[in-house]
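The block underneath contains the structure these notes are about, expressed in C-alpha cells.
Since every read-out is calculated from the coordinates, none of them should be taken as a lab result. Just so it is clear, the structure is predicted and the values come from calculations on it, not from any experiment. All Cβ positions, glycine included, derive from the backbone under ideal geometry; neighbour counts span all protein chains shown.
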Amino acid sequence: MTTTTHPTTALPASTGDTIPAWKGGSAYSATLTAAFALLTLSGLYLEFLAASHWAAGKLVLVLHLLGGALFTLALAPWLLSHVRSGPARSQRRLFTLLGWALLGKYLVVIATGLLMALPPALYLLGHIWFWRFETSDLLSFLHLWFSIAAALGVVTHLTLRHWKRAASPTGGHRPHSQP
Ligand code: HEM
Ligand code: HEM
C-alpha cells in the first residue's frame, strides 16, 4: 500500500479509510531540524569557546550568519504551512500550547539574530553603525536563552508526537472538513 506526502507539511494525502497512521516527518522537516541543531551548536561555540579560539571563531561566525539567514528563508514557507495545518491536527491542549510557545521562541531567536546581524550587514554596504552596548547585550542575552529554550522545545515537540499510534478517529489525518 502506498501513501503520498504533502511536500511541505508531510501530511499524508487522503487515500481512503484504510491508510495507516502517519509515522514521521518529511525529509524537508528533518533537514530543518538538523539545521536548527547545527545553528544551536555553532551558536554555543560562539558564546563559550570562540573568544579563546578566535581563528576558528571567525569562520564559525560567518557560517552561523550565512546559515542563519538561509535557515530563516527555508523555514518561513514550511512553518507558515505547518502553522496552518498543525493546530487542525493537534488533539492535545498541552501539545497545542507548547506548539505556540515553540513558535514564539523561534520568532524571538530569528528576530534577535537578524537585529544582531544588522551592523555587519550595514558595514558591508559601507555604513558604520552599532547598537548601543546595552541593546547589544540584551539582544545577545535573548538570542542565547531563547535558542536554548527553543532547542528544548523542539525536542519536546518531536518527543510528544504520535510516531506510530493513530492520532485521531480520522487516523491522524486532517479531517475532510478542513481546508
Ligand atoms: C516553530 C514552531 C514549530 C516547529 C519548528 C515545529 C516542528 C514540527 C516538526 C519537525 C514536526 C514533525 C514533522 C511534521 O509532521 O511535519 C511537527 C509535527 C507536528 N506539529 Fe509542529 N512545529 C512547530 C509549531 C507547531 C504549532 C504552533 C503547532 C500547533 C499548535 C504544531 C503542531 C504539530 C502537530 C499536530 C504535529 C504532528 C503531531 C503528531 O503527529 O502527533 N506545531 N512539528
Ligand atoms: C534560528 C536558529 C538560531 C540559533 C539556534 C542560534 C543560536 C545562537 C547562539 C546560542 C549564539 C551565541 C549566544 C549569543 O551571542 O547570543 C548565537 C550568536 C549569534 N547569532 Fe545566532 N542563532 C540562530 C539564528 C541566527 C540568525 C538567523 C542570525 C542572523 C542572520 C544569527 C546571528 C547571530 C549573531 C550575529 C550572533 C552573535 C555572535 C557574536 O557576536 O558572538 N543567528 N546564535
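Annotation: extensible slack from Thr135 through Ser26 equals 35.4 nm (criterion: 0.36 nm per residue apart, minus Cα-Cα distance).
If the chain linking Leu97 and Leu75 were pulled fully straight, counting 0.36 nm for each residue of separation and taking away their Cα-Cα distance, it would gain 5.9 nm.
If R0 equals 22 Å, the separation of the Cβ atoms of Arg84 and Thr40 corresponds to a calculated FRET efficiency of about 0.25. Annotation for Ala117 and Trp145: the two label points, set 7 Å from Cα along the Cα-Cβ direction, are 2.4 nm apart. Using 0.36 nm per residue and subtracting the Cα-Cα separation, the extra length available between Thr33 and Arg161 on full extension is 44.6 nm.
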